[in-house]
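The values are calculated or read from the model by the stated rules, or taken from the named source; none is laboratory data. A quick note: this is a predicted structure, and the numbers were derived from the prediction, not measured. Here the Cβ positions follow ideal geometry from the backbone for every residue, glycine too, while neighbour counts run over all protein chains shown. Just so you know, the surface numbers come from the protein's heavy atoms only, side chains and all, with ligands and any DNA or RNA stripped out. Shrake-Rupley method; radii C 1.70, N 1.55, O 1.52, S 1.80 Å.
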Amino acid sequence: MITLTIDNQPEITVLMKTMLQNIDPKGEHMTATSVNEAIDLLSDRVQIVFLDIEMPGINGIDAAKHFQEKYDRLNVIFVTGHIEYSFAAHGVHPSGFLVKPVDEQDIRRELRHLRYPVSEMSLCVSCDPFTVRSSEKQIVFKGDKTEELFAYLVYKNGAFCTNDELITVLWGGESDRSGRLRQIIMNLKSTLSTVGTDILVRKYGKTSIDMNRIEVKGELSFIKLHYNWI
C-alpha cells in the first residue's frame, strides 16, 4: 500500500505510520501535518489518505473534496476525535471513518472495506519465459535493453538499484553508458504510462519498481537464467 496520513498533531502521524508499517511492512507510508504539505506529497501513486477532520486552515472535509476532484480513485479514511462530524464526513463518500484513539485493529477493519481496493495488480509478469501483460495484453517494450532493464528491476524484487549497478548489468560496466541508461529509463516510463500504470520509482539516482502492483508467476531466479546475468 501507499498511504498518506494527514494530521496537525505530529504525534498522531508518527503513531499512524508505526501502525501502518506493522500492518504493511513493504508499503510506503508518508505523513503530513497540514493540507498544504499533503498536496505536495499526493500523486496518482497514493492509494489511501488517512485524514484528520478538524485542522487549522482547510478542514479535512473540504480537503477530501479537493483531493477527490483530482484523484478519483483515492481512498479517504477520516480519522477524528469528534464523532459529531460523522454525518458531514459521510457526505463526501469516504472509504472509512476512524474515531481516535485509533488502534491497529481499527485500521485493519477499515482496510477490509475500501471503496477502491488496493490489492488490484497493474501488471502480470511471467518468469519463464519472461513476458509482461496488462489486462491480458502483452506489453511490447521499446527495445531489448528497455525490456531487460524492467526484467532486472523485477528480479531485484523492489530493491533500489544504483545507476552503476544497472550499467554493469546491461553493458558490463562501460562508463560511457550513463546517457543511454537515462534514455532507457525514460523509454520504460513511457511504455508503462501507455498501459496506465506508474510503478517506476526513482529516488536519489536509484531506480526500483513498486512490486505491490505486480503479480509474479514463477521463480524470479528464472529471469536471471534467461538473461544470463552473472
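Values computed for the structure shown
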{"item": "Output for the stretch 211-230, where each listed residue is in a strand (DSSP E or B) and open to solvent by less than 60 Å² (accessible area, probe 1.4 Å)", "result": "Ile214, Val216"}
{"item": "Selected residue (criterion: surrounded by the fewest Cβ atoms within 10 Å (Cβ to Cβ)) from residues of the stretch 1-56 that are hydrophobic (A, V, I, L, M, F, W, C) and more than 23 Å from Asp210 (Cα to Cα)", "result": "Val14"}
{"item": "Any hit, the stretch 112-127, residues being modelled with pLDDT of 90 or more, open to solvent by less than 90 Å² (accessible area, probe 1.4 Å) and not hydrophobic (A, V, I, L, M, F, W, C)", "result": "yes"}
{"item": "Restricting the stretch 187-205 to residues that are assigned to a helix (DSSP H, G or I) and over 11 Å from Thr146 (Cβ atoms), the residue that is most open to solvent (accessible area, probe 1.4 Å)", "result": "Thr194"}
{"item": "Which listed residue is over 23 Å from Pro129 (Cβ atoms), within 18 Å of the chain's Cα centre (by Cα) and either in a loop (DSSP other than H, G, I, E, B) or of a type in the set (Ser, Thr, Tyr) (or both), from Ser178, Ser208", "result": "Ser208"}
{"item": "Output for the stretch 143-186, where each listed residue is surrounded by 16 or more Cβ atoms within 10 Å (Cβ to Cβ) and aliphatic (A, V, I, L, M)", "result": "Leu149, Ala151, Leu153, Val154, Leu166, Ile167, Val169, Leu170, Leu181, Ile184, Ile185"}
{"item": "Residue in the stretch 73-94 that is under 17 Å from Leu4 (Cβ atoms), without any contact (Cβ under 8 Å) to a residue 60 or more places away in the chain and part of a helix (DSSP H, G or I) present", "result": "no"}
